[in-house]
Amino acid sequence: QREYRNDPEGFRKKYSQLMDENLDQLVQRKLVLRDFAQEGYNLPESFVDEAVNDRLRERFGGDRVRFMKTLQADGITLEKFREQIRDQIIVSILQDKNIRQGVVISPHKIEQYYRANSEKYKVEDQIKLRMIFLSKGSSSETAQARKLAEEILAKVKEGASFAEMATIHSQGMQSAQGGDWGWVGKTVLREELTEVAFALKAGQTSDVIEQPDGYYLLQVEEVRPAHIRPLDDVRDEIERTLVLEQRARLQKRYVDKLKAKTFVRYF
């Protein structure tokens with residue numbers, strides 16, 4: 001409602017979509033539970049007891065009285081709660097049997113995905129940046145801030161550590177870290193600072209940069225041109241993506257198989 005408060009038609013469509021998706025999830029859950037029963041599987045009550053006790057410890061610290069009061073406040077009996085836990089276990093077991101165990105991602109698949117989607121892993125030009133910021137403050141403080149910025153710059157040029165100067169003098173958020181901003185791209189800083197920063201070479205320090213809010217000194221420690229992240233850096237990320245995609249395909253195939261032998265009636 002908040003997202004579509006000025007778009008009633010968009011809200012109606014999104015609401016309808018979410019209702020359909022939730023209804024489909026409920027149908028899938030019922031199909032899996034029915035499959036469990038038809039296949040003659042059996043879930044020992046000890047499994048349910050253990051799961052209920054786990055919830056009791058995790059959410060209520062073992063306080064059974066508070067647990068029962070919470071169920072009562074939610075309008076749920078202990079028997080109904082046990083049934084919900086039992087259904088969750090059954091769905092998890094069958095999903096593991098029919099979906100998760102069937103997922104195998106080979107190195108070749110990962111390499112294929114990487115080659116086909118290399119643009120996803122493109123990194124823009126980056127610099128490893130340190131910054132010193134001195135606020136202008138009042139009119140009298142502005143002159144002092146400018147003078148201090150120039151003094152700091154002179155000391156850095158003479159060999160003083162920029163990081164130490166930042167720790168001592170900077171009023172920026174990263175002062176405690178020696179003004180360290182880490183690796184930044186061109187979209188992180190305001191345009192005026194970006195233009196100066198990305199014109200610097202590794203090891204160079206800017207002149208004093210005056211902005212409406214204060215004075216800035218920038219130092220670039222390293223430069224990293226735009227590049228595509230190597231496969232070794234993104235291998236785990238790609239594998240997670242492929243696992244999710246494969247599970248979604250197997251889930252659909254499993255549910256379609258259940259639907260093919262089941263009559264589903266909507267009320």
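The values are calculated or read from the model by the stated rules, or taken from the named source; none is laboratory data. For clarity, every value in this text was computed on a predicted model and none was experimentally measured. Calculation scope for accessible area: heavy atoms of the full protein, side chains included, ligands and nucleic acids excluded. Shrake-Rupley method; radii C 1.70, N 1.55, O 1.52, S 1.80 Å.
A few comments on the model shown:
- Distance from the range 92-146 to the range 163-198 (C-alpha centre basis), Å: 19 Å
- Helix axis angle, 107-116 relative to the chain longest principal axis, alpha carbon, degrees: 60 degrees
- With the convex hull drawn over the C-alpha atoms of the range 107-201, the volume per residue is 146 Å³.
- Residue-wise HN-Hα coupling along the range 210-222, computed from phi with Karplus coefficients 6.51, -1.76, 1.60 (Hz; x: Gly, Pro): 8, 10, x, 8, x, 10, 10, 10, 10, 10, 9, 8, 9
- For volume of the Cα convex hull per residue in Å³, calculated from these coordinates, the label among (1) 116; (2) 285; (3) 127: (2)
- Split the accessible area of the range 130-196 by element, probe 1.4 Å, and carbon with sulfur accounts for 49%.
- Å² per residue, accessible surface of the chain at 1.4 Å: 66 Å²
- Of all lysines in the structure, those lying under 28 Å Cα to Cα from K69, and not within fewer than 8 positions of it along the same chain, are K80.
- Just the protein heavy atoms count here, and of the accessible area of the range 1-72 at 1.4 Å, carbon and sulfur take up 48 percent.
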